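Q: Sharing a structure here in structure tokens format.
The values are calculated or read from the model by the stated rules, or taken from the named source; none is laboratory data. Small disclaimer: the values here were computed from a predicted structure and weren't measured. Cβ coordinates were reconstructed from backbone atoms using ideal geometry, including for glycine residues, and neighbour counts include every protein chain displayed. Note: areas computed on protein heavy atoms with side chains; ligands, DNA, RNA excluded. Shrake-Rupley method; radii C 1.70, N 1.55, O 1.52, S 1.80 Å.
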Amino acid sequence: MKNTFYITTPIYYVNDVPHIGHAYTTVAADFVARYHRLAGEPVFFLTGTDEHGQKVARAAEEKGVAPQEWCDQMIPQWTEVWNRLLISYDDFIRTTEDRHVRPVQQLVQKLFDNGDIYLGHYEGPYCVACETFYQPSEVENGLCPIHERPVEMVKEENYFFKLSSYQDRLLKLYEENPDFVRPEMRLNEVLSFVKGGLEDLSISRTSFSWGIPIPWDPKHVMYVWIDALQNYITAVGHGSDEDRFNSLWPADFHFIGKDILRHHAVIWPAVLMAAGIDLPKTVFAHGYLTVGGKKMSKTNLTGISPHHLLDTFGPDGYRYHFLREGVFGQDGSFSWEAMVARFNADLANDLGNLVSRTLALVARSFDGLVPEPAEVTSEEETLRTVASKARDELDRGVRSLDFASALTAVMEFVGETNHYIDRAAPWNLAKDEASRPRLATVLYSALEAVRHLSILINPAMPNASEKIRTQLGLPSGIGALDDELRWGVLSAGTRTERGEGVFPRIEVE
Ligand code: MSP
């Protein structure tokens, strides 16, 4: 029985190093995975690398190294970025691993034995940058519709998968499960593509050899997408550990960019249907990060390295920006200025300042010890209501993949807490001994709000969350949410620690 929330990113081609477009998908998936874990659900979060095919083979050739060696050299460059970005993947699959190759061959053999694969001739345009066959009508002036680079003409003997015979079953799938492809705009795109008629899919190549051999005819290697898509099932035990497979599959979400929608929403379900395997629940295709109005990519020479942004904004600032900016699903243009402005406004001025001023006030008036609150007023009642609303909105936002709203709600809570402190003016209360009980209540409540925030920001900003919790004198790790998000968990007498600022302001030269 499946009992685990299973989420995937695309597996990335290792022809080059990651840029912020790749990191966009991975950060989003990590945010969702972390939230579900925080909510106490078992989670399996998969990422990895796509290592076969012409694109990778050519990159290796240009550098004069064997493809496998090239892949091995590239892996640390990918994992280093994921580590710096605090990506909490549970597994990292590489398509050159034996645990992937063998089950892939078995599955393709099964499709062949069932009569879903036949030998034929392919002639048509192919884009190596996206490793995709196109219809001649999709190619304008000889250019790939996605990469705007020249396509190549392929003419060879290939094995074909009978994709066309799945057209009706696919249409029925989309009709019965409108959530199979999201957002709705992408579903409509898929519907019109499939209704337009499906051609059988070439699934093998003979003109180069960097791929998984077709088991019954090894002069053919598998078309890279037929191999790659199966990572989602081989990583969780398909073909090697059926009990494990049944406890994890089907995936709850495949997060992808809209460039690889057809592969995931058309080819993938058809292959699974042919193999008699359950289908994933939702393929969610987000938009592009754009530069100058175009998809940012290395191919277009517009790739920006995550390291570059991490050096300035740190992992929390980085993650926050891409989760908060724009609407997940739509295209969004990247700008350094917007990133600095949002960091300074939301993180340095609002959240960072809330934490540091609260701790400074506690240090000054109570020697850094959490005070015992006295009587509460409607002001504190309101703050509690805002805290619980933020929790609900975060939950709703993550589950509906509306990340901007999820984080807006959390930042509204930050703003409300700052207003609460401004209205209560603890610096005035501190001047008068008779106001001490009121001062204790106000600072206790501000600390409780900060403690709540340390939990609510955790999936988006895990390091900042941990830093704030250390400053509050809390032990590391967050327990069951229902217990942690009760008001009043912070014990009076706990020693707080004024550490360095969590989000130092970024000064622009
Ligand atoms: N290897 C295939 C995927 C196989 S999945 C079974 C592939 N790899 S890729 O390295 O080209 O990366 C693809 C993914 O990176 C995109 O689908 C998208 O998720 C992400 N992005 C790459 N460039 C992007 C932008 N400019 N903007 C947003 N996401 C982008 O395709």
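Q: Could you give the accessible area per residue of the chain, probe 1.4 Å, as a whole number in Å²?
A: On a per-residue basis, the chain sits at 41 Å².
Q: Follow-up. Please list, ordered by chain and number, the residues whose modelled amide H lies under 5 Å from the amide H of Val154; skip anything fewer than 5 residues away on the same chain.
A: Under 5 Å from the amide H of Val154 lie the amide H atoms of Gly124, Tyr126, each far enough along the sequence or on another chain.
Q: Which listed residue (Val327, Leu354, Gly317) has the Cα farthest towards the positive end of the charge dipole for region 251-355, taking +1 on Lys and Arg C-beta and -1 on Asp and Glu C-beta about the Cα centre?
A: Projecting each Cα onto the dipole axis, the largest value belongs to Val327.
Q: Also, I was wondering about something else. No solvent, one uniform scatterer per C-alpha: report log10 I(q)/I(0) for region 335-484 via the Debye equation at q = 0.15 1/Å, two decimals.
A: Here the Debye-derived log intensity ratios amount to -0.79.
Q: Something else about it: I need the peptides 109-116, 247-254 ranked by packing, meaning the mean over residues of other C-beta atoms within 10 angstrom, with the highest value on top.
A: Peptide ranking by packing, descending: 247-254, 109-116.
Q: Mind putting a number on the dipole of region 411-509 about its Cα centre? Charges go on the C-beta only, +1 for Lys and Arg and -1 for Asp and Glu, and I need it in Debye to the nearest 20.
A: 340 debye
Q: Follow-up question, since we're still on this one. Quick one: putting +1 on the C-beta of Lys and Arg, -1 on the C-beta of Asp and Glu, what dipole do you get for region 335-484 around its Cα centre, in Debye to the nearest 20?
A: Here the size comes out at about 320 debye.
Q: Also, quick follow-up: Which of the peptides 255-268, 442-455, 397-410 is most tightly packed, and how do the rest follow, judged by the mean count of other Cβ atoms within 10 Å per residue?
A: Taking the mean over residues of other Cβ atoms within 10 Å, the ranking is 442-455, 255-268, 397-410.
Q: Let me ask another. Could you work out how far the C-alpha centroid of region 408-434 sits from that of region 369-403, in angstrom?
A: If we compute the Cα centre of each part, the gap is 14 Å.
Q: Can you list residues from other chains, or at least 5 along the same chain, whose modelled amide H is less than 5 Å from the amide H of Ile214?
A: Counting only residues 5 or more places away or on other chains, the set is His220, Val221, Met222.
Q: In the full protein assembly as shown, how much of Glu175 is accessible to a 1.4 Å probe, in Å² to the nearest 10?
A: Near enough 150 Å² of accessible area.
Q: How big is the gap, in Å, between the Cα center of region 6-67 and the Cα center of region 235-256?
A: 17 Å
Q: Please compare each pair in Lys110/Lys219; Lys162/Lys298; Lys2/Lys110 to a cut-off of 27 Å on the Cα-Cα distance and tell me which ones are over it.
A: Check vs 27 Å cut-off fails for Lys162/Lys298.
Q: Could you tell me which residue out of Val450, Leu191, Ser378 lies farthest along the dipole of the chain toward its positive end? Charges go on the beta carbon: Lys and Arg +1, Asp and Glu -1, centred on the Cα centre.
A: Ser378
Q: Counting only the heavy atoms of the protein chains, how much of Leu383 is accessible to a 1.4 Å probe, in Å² to the nearest 10?
A: Here the residue's solvent-accessible area equals roughly 10 Å².
Q: Sticking with this one: Which cross-chain or sequence-distant (5 or more) residues have an amide H under 5 Å from the amide H of Val291, H modelled 1.01 Å from N in plane?
A: Met296
Q: Ranked from highest to lowest mean number of other Cβ atoms within 10 Å per residue, what is the order of the peptides 301-309, 487-495?
A: Final packing ranking: 301-309, 487-495.
Q: Let me ask another. I'd like the Karplus ³J(HN,Hα) series for region 80-90: coefficients 6.51, -1.76, 1.60, θ = phi - 60°, whole numbers in Hz, and an x wherever there's a Gly or Pro.
A: So the J values, rounded to whole Hz, are 4, 5, 5, 5, 4, 7, 6, 6, 9, 5, 8.
Q: Using the eigenvalues of the Cα gyration tensor, what equivalent ellipsoid semi-axes result for the chain when each is taken as the square root of five times the eigenvalue, whole Å, largest first?
A: Taking √(5λ) for each eigenvalue gives 50, 23, 20 Å, largest first.
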